[in-house]
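The structure appears right after this line, and notes come after that.
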Amino acid sequence: MTRSTTEIIAHRGASRERRENTLPAFALALEHGADGIELDVHQTRDGTVIVHHDPVVQIEPGGPGLPLSAMTDAEVTSIRLPGGDALPTLDSVFELIGDRATVYVEIKGSGMVASLVACLRRHGGARYAVHAFDHRMPVAVREALPGTDIGFLSASYPLDVAAVLRPAGAGALWQHQTLIDESLVQAAHSAGSRVIAWTENDPTHARELIALGVDALCTDTPAALRAALSRTAPDAPATRR
């Protein structure tokens, strides 16, 4: 596995330089040449898929959190965060990104499979994949939308990697970067799955993960990480997926 085949995924966009999970963060990640954009989704009361990490939105630090699932699309999209950023819909993200990068959708909200599937159908020409800590949710999306690439998030070390991935046909294991070793990578690859390390911002450790065969790095600093890796191997230019 060489650096040229390792995908760089922007974690919630270029989230060190712009507010995470906003259109400016995604636009900057594209400018920085990210191969993929990772983001989190919830749904409103009327079924609009909203990009945001938490189930509530706080307009003022320390203020009361407004639950996204209890609000309408109009109420949520009218909110302005400190600095003026809006909470984007997933539709608006697909319109921004087009075919320039893969959109990696992490399902955060409960009971939103139908709304997410409807949104994905509206953007059938886009490159996307769906993942979650609750492994049932991406499987449900794929059942409703056959052919969808799915991944499983993990913050622990599976005792039997293949048993987690193979029965569901998960195409990717999103593994916390501190819990990756050669055995895990080999087991995932043997099960037909990629390994995506999250969230990796350290170039030295990123090189170690690449040497182990990790397929993708999800990072808060896509430009800096790619530049650091490029300095390591100047004769192997990064390629887009």
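Things worth noting here:
- Computed over the chain, the per-residue total of -39500 (n - 2.57) for DSSP H runs of n ≥ 4 gives a 222 nm mean residue ellipticity of -8500 deg cm²/dmol, rounded to 500.
- Contact order normalised by residue count of the chain, Cα under 8 Å, 6+ apart, percent: 22
- Gyration tensor (alpha-carbon) shape descriptor, the stretch 24-70, a/c threshold 1.5: oblate
- Evaluating kT/(6 pi eta Rh) at 37 °C and 0.692 mPa s, with the Kirkwood radius of the stretch 67-162 over Cα pairs in the Stokes-Einstein relation, gives 219 µm² s⁻¹.
- With θ taken as phi - 60° and the Karplus curve 6.51 cos²θ - 1.76 cosθ + 1.60 applied, the whole-hertz 3J(HN,Hα) list for the stretch 51-58 is 8, 6, 7, 8, x, 10, 10, 10 Hz, x standing for glycine and proline.
- Highest-MSF residue in the chain out of 83, 151, 33 [GNM, Cα springs under 10 Å]: 83
- Cβ charges +1 (Lys, Arg) and -1 (Asp, Glu), total dipole of the stretch 1-109, debye: 220
- Carbon and sulfur %, accessible surface of the chain computed with the full protein complex present, 1.4 Å: 52
- Among 56, 41, 185: highest mean-square fluctuation, GNM of the chain, C-alpha pairs under 10 Å: 56
- Charge dipole magnitude, Cβ of K and R +1, D and E -1 - the stretch 118-241, Cα centre, debye nearest 20: 620
- Axis of helix 203-212 versus longest Cα principal axis of the chain: the two differ by about 60°, to the nearest ten degrees.
- Positive dipole terminus of the chain, leading residue within 169, 57, 133 (C-beta point charges): 169
- Selection among 37, 72, 24 by position relative to the dipole of the stretch 1-129 gives 37 as farthest towards the positive end (Cβ unit charges, Cα centre).
- Signed unit charges on C-beta, dipole axis of the chain, positive-most listed residue 192, 225, 152: 192
- Most mobile of 81, 217, 173 in a GNM of the chain (Cα contacts under 10 Å): 81
- Rounded to the nearest 20 debye, the dipole magnitude of the chain is 380 debye, with +1 charges on Lys and Arg beta carbons, -1 on Asp and Glu beta carbons, and the Cα centre as origin.
The values are calculated or read from the model by the stated rules, or taken from the named source; none is laboratory data. Since the model is a prediction, treat every value here as computed from it, not as a measurement. In this analysis, Cβ positions are derived from the backbone assuming ideal geometry, glycine residues included, and neighbour counts consider all displayed protein chains. For accessibility, only protein heavy atoms count, side chains too; no ligands or nucleic acids. Shrake-Rupley method; radii C 1.70, N 1.55, O 1.52, S 1.80 Å.
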